[in-house]
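Quick notes on the structure that follows.
The values are calculated or read from the model by the stated rules, or taken from the named source; none is laboratory data. These figures come from a predicted structure and were not determined experimentally. When we count neighbours, we look across all protein chains shown, and the Cβ atoms used for this are built from the backbone with ideal geometry, even at glycine. Heavy atoms of the whole protein, side chains included, go into the accessibility calculation; ligands, DNA and RNA do not. Shrake-Rupley method; radii C 1.70, N 1.55, O 1.52, S 1.80 Å.
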Amino acid sequence: SSGINAEWPLRPGEFSVPYKATGKEVFDKVTNTMGLRETWYFGLQSTKTTAGQMWIIDEKRIVDQVYISDDNKPVQLNLLVKFYPQDVNDLIQDITKHLFYLQVKDQILSRIIFAPAEVCVMLASYTLQAKYGDYDPQKHKVGQLGNEQLIPEQVMNQYQLTKEGWEQNVINWYAQHSCRSTVDRDREWAEMQYLMIAESLKMFGVNYFLIQNKRGTDLWLGVDACGLHITEMDSQQKPKIAFPWSEVKNISFQDKKFTIKPVNEKTEDFKFFTKNIRTNRMILQMCVGNHELYTRRHKGDTLVVQALKQQAKEEKKRKQVEREKLEKERRMKEEAMRQREELEFRLRKFEASARKANDKLQRSEEAAEILEEKVKLAEEEANLLAKRATEAQQEILRIRQENNKNNEENLMLKEKLQHVEENAHQAASKAEVGATEAYRLKQELDNAREREKDARGRLMEITQQSVLHDKADILSYINKEESLSTVKKKEELVQQLESSRLEELKANEEFKTQLNSVKSTLDALKVDGTPVEEPIEYVDEDKYQTLRRITAGETRSRIAFFHSL
């Protein structure tokens, strides 16, 4: 056995296969490992074959096609897209779409497929959508997108824009993908949008080979899903003539001469020449494979394709259910967070009210204590004044008794008595005032205690109302979530899908306007003196209008035109 190191865009894998294993056996092992069912689009390629970079032939042994070193190191094979569909919407499996996306993106960035600057910006925005999901202004900023190449180097060099400037232009369009519709913009959606834009490029899915006509003029032969295209050397984007597969009956080559027999037997054969037999073999592989895909499309779906479509439909439905479930969980989480924030706000408000009431109660208690002290002092002063008044009365009685004993001392005693009476009168007045003040202070103390009692009652009422309201809100939220019916969810889903369809139609109509907007912005930053690359004419003539134009007329007239180039 020998080692085969098969590498595809997802991950590399190493297999041990028998020494006599054919290319088909290795190919089946790789695709089965990946779960790839749409195998007719793919092939294995090696840069270390006996004839250079070639596609591995299914029927031949691997050891007869690749170079095996003396130390028996594993041979590296690359799983690549070999044939392209006429419409990328014909792709069924998600893994097939993903592999197409990765290869087409690499071809655009390496300029194997030409795309003008404005299209590169749009495609890069979908690359970000596929990698990061919906736009988040907090995460997706200039300088925070890693070192991934978004725009081809040759395109960047033609404009007075820094890398950060290009990133900002891409991010501006990236942000619009999430806000134009409520449809979930997942990776599969973004990659399909990328492919649908890329397939409008005139070099998409075309394999070019250098050929010559009878006059020895060097020309490009393009082979793709639609047929054969002939272009001049100075521009691969402007095909002169084309031969659709519906006009081709048989394909063969002999030495360096390649012959294509038209369906119309009265028409002469379409012949051209190459510089070596290896090129003819590659052309034959590409023509046969593309012609088989053309025949498959016009015969209708096979049982395998029908099964794949049914499986893809079920998988899409399952993912839709999962997305709806995740969306529902997200909405429930957001609602729970909103409820939590609302409850926390109400709790803070309640705590502030409780603190305010507690402070007021504390001030009332302090005021009551002060009034109690004043009452106590007033009562002590009143008792003291009363005691003094009693002592003054006793002194008056004693003086009167002494006055009866001695008349001579009567006048003096009268004066003294008058003086004492005045003092007693003043003391009595003060005692009366003290009693009045004590009564007033006692009334204020009673009022303060009543206010303290009211404050405590209001505090208890606020506490009970907050608890009752919180319980009622939580019960109401739970009952609301449980009351959603299946019919309502179906109606919402139908409305969502219809809204999505209308928005997608509107987005497609706006695509040309968006491209013109990006182009006008970039044209203002064009570096003077740089060569102007040929723009792809989206408005005047698209890829398929060009195809209809260059296939017009009879086959014989197009063959004659080819030889006249």
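Take L201 and decide whether it is of a type in the set (A, V, I, L, M), in a loop (DSSP other than H, G, I, E, B) and touching a residue at least 60 places away in the same chain (Cβ under 8 Å). So L201 fits the description; yes. Among residues of the range 327-354 that are within 30 Å of D186 (Cβ to Cβ), those with a Cβ under 8 angstrom from a residue that is part of a helix (DSSP H, G or I) and of a type outside the set (G, A, S), sequence gap 6+ or separate chain, pair up as M332/E481; E335/Y477; Q339/D473; Q339/I474; Q339/Y477.
In the range 375-390, the residues that are more than 11 Å from E432 (Cα to Cα) reach residues that are assigned to a helix (DSSP H, G or I) and aromatic (F, W, Y) with C-beta atoms within less than 9 angstrom, at least six apart or across chains, in these pairs: A378/Y439. Residue pairs whose Cβ atoms lie under 9 Å apart, sitting 6 or more positions apart in sequence or on different chains, and linking a residue in the range 147-167 that is part of a loop (DSSP other than H, G, I, E, B) and at pLDDT 90 or above to a partner that is exposed (fewer than 14 other Cβ atoms within 10 Å of the Cβ) and among the small types (G, A, S), are P152/S110. In this structure, K266 does not satisfy being modelled with pLDDT under 90 and more than 17 Å from I559 (Cβ to Cβ).
Would a scan of the range 179-197 turn up a residue that is open to solvent by less than 50 Å² (accessible area, probe 1.4 Å), at pLDDT 90 or above and assigned to a loop (DSSP other than H, G, I, E, B)? Within the range 179-197, not a single residue is open to solvent by less than 50 Å² (accessible area, probe 1.4 Å), at pLDDT 90 or above and assigned to a loop (DSSP other than H, G, I, E, B).
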